[in-house]
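These notes concern the structure reproduced below.
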Amino acid sequence: MRLAATLLMALATASPSPQPSASPAPSASPSTRSAPLPTAQEPPERRRVGQLANVRLDINVTERRGAAPPLTKLVSMTVADREQGKIRSMAEIPPGAGVNFPIAVPLHVDARPTIDGTRVHLRISLDYTAERSTDASVRSPVLNVKEDLSVILENGRPMTIADAGDPLGDRRVQVEVTATILR
């Protein structure tokens, strides 16, 4: 026991051992110096999480030809905040009147809404082929509309986001979107 007490006293009164001094870094010429290593690692990027709310999107695609009554197609989807919705709709015109293959007519919509207070920031892509005659003997030019837009919408208010004209005729394709926040 006496030996243990003597050891404890010796340790308590002993001066701390000197810390090894950091040796100076060897000098390097400017061409051989490397960038300093980071001391702490940055946290990984995290995807921002959306609100627990959905956005209902009503997309009206209206085609006008001269004095004819307009044709309107409605695409609706409900998408969670900061998530993506896709709708793929495809029709085919059968072969006939000198055409040996079916003709595909798409109506595709991709949308990613982000809620910001009472507004919705919407990233939207649209691929639409204008109405064609169902009579295969009539070979009218095809109007393809492909749009990729980013817009700010007021909750529940419709907004015309695009109006495209046919470069060869009098057809127009107009796109109107209404975004409604569902809580």
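For this structure, a couple of remarks:
- In the range 59-93, the qualifying residues are those that are buried (at least 16 other Cβ atoms within 10 Å of the Cβ) and polar (S, T, N, Q), and the one that is nearest to THR129 (Cα to Cα) is THR62.
- Hits in the range 94-124 - residues which are surrounded by 16 or more Cβ atoms within 10 Å (Cβ to Cβ) and charged (D, E, K, R): ASP110, ARG112
- Restricting the first member to the range 100-122 and to residues that are farther than 14 Å from ARG56 by Cα, and the second to residues that are surrounded by 12 or more Cβ atoms within 10 Å (Cβ to Cβ) and not small (Gly, Ala, Ser), the beta-carbon pairs closer than 6 Å and six or more apart or on different chains are PHE101/PRO95; PRO102/PRO95; ILE103/ILE93; VAL105/THR129; PRO106/ASP127; PRO106/THR129; LEU107/TYR128; HIS108/ASP127.
- Subset of the range 51-69 [under 30 Å from VAL142 (Cα atoms) and not basic (Lys, Arg)]: LEU57, ASP58, ILE59, ASN60, VAL61, THR62, GLU63, GLY66, ALA67, ALA68, PRO69
Every number in this text was worked out from the coordinates using simple rules, so none of it is lab data. Predicted model only: the values in this text are computed from it and were never measured. Positions of Cβ are backbone-derived with ideal geometry, glycine not excepted, and every protein chain shown enters the neighbour counts.
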